[in-house]
Amino acid sequence: MIGANTLPRAYAAPGLIMRDDAGVLADVMMDPVQVTVWDRRSPINQRLVQQACLKKLAVKSWLDVNDLSGSIERLLPGEDFAPLREDLMLLADMMACLFGVSGVGVRVTALEKPMCPRFHVDRIPVRLLCTYGGPGSQWLPAPSVPAGLLVPGVEQEGRYAADSVQQLQAGQVALFKGDTWRDNPGSGVVHRSPPVSPGQQRLLVTLDI
């Protein structure tokens, strides 16, 4: 099961492409595509997720492409976080190469409750998301977003079809187009943090350009 809906491997929902090879992320460059997903298993075990939550890990910074290894080492020191540093290095390098940027904004957060429980749109060109352990981020295909859903203060529950909600699995790497993607004004991916049950733990990485 991929999430709230069971998704096939390729086009599974309007605006989505998902495959089990990292090259799928480049498909986000295509105009009809809003979400690309690299379908993989989480490279981070639950013990590391638990350690991160115990330490209340919360890191936010800018990674210079010319010093990725050093920047990540300084953000996440210690042998315990070596697997996380290795994967973050891979993902940051992929982002920099794909979009031809000199750096990326990074956030690494251990979570035991939703960070952004309301559906919203990011005011950036594109965001990479990967959840290690626990439920992944949820999003709505554009045809399933009802008018008025994102109005501040509006009660969102009951305004959208529950079976239209898509959800990422632990380890999957997704690119979500934001509102300032070229030729995409006002059409960023509508998404939110997933509901979290008592005792559930998540370790979330986001990379922004």
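The values are calculated or read from the model by the stated rules, or taken from the named source; none is laboratory data. Just so it is clear, the model here is predicted, and its values are computed rather than measured. Methodologically, a virtual Cβ is constructed for each residue, glycine included, from the backbone with ideal geometry; neighbour enumeration extends over all protein chains shown. What goes into the accessible areas is simple: the full protein's heavy atoms, side chains included, and nothing from ligands, DNA or RNA. Shrake-Rupley method; radii C 1.70, N 1.55, O 1.52, S 1.80 Å.
Worth a mention:
- Of all residues in segment 196-205, one or more are surrounded by 21 or more Cβ atoms within 10 Å (Cβ to Cβ), touching a Cys at 6+ places or on another chain (Cβ under 7 Å) and modelled with pLDDT of 90 or more.
- Among residues of segment 60-82, those that are open to solvent by 20 Å² or more (accessible area, probe 1.4 Å) and not in a helix (DSSP H, G or I), counted: 6
- Sole exception among (1) open to solvent by 50 Å² or more (accessible area, probe 1.4 Å); (2) assigned to a strand (DSSP E or B) for Glu157, by number: (2)
- One residue from Leu149, Leu203 being under 22 Å from Pro14 (Cα atoms) and among the hydrophobic types (A, V, I, L, M, F, W, C): Leu149
- The residue list Leu54, Leu25 contains one member that is at pLDDT below 95 and either farther than 19 Å from Gly171 by Cα or surrounded by 20 or more Cβ atoms within 10 Å (Cβ to Cβ) (or both), which is Leu54.
- Count - residues of segment 36-50 that are surrounded by 14 or more Cβ atoms within 10 Å (Cβ to Cβ), of a type outside the set (Lys, Arg) and part of a loop (DSSP other than H, G, I, E, B): 4
- Scanning segment 117-133 for residues that are closer than 21 Å to Gln50 by Cα and either surrounded by fewer than 16 Cβ atoms within 10 Å (Cβ to Cβ) or hydroxyl-bearing (Ser, Thr, Tyr) (or both) yields a count of 2.
- Selected residue [open to solvent by less than 10 Å² (accessible area, probe 1.4 Å) and within 21 Å of Asp208 (Cα to Cα)] from Gly186, Gly136: Gly136
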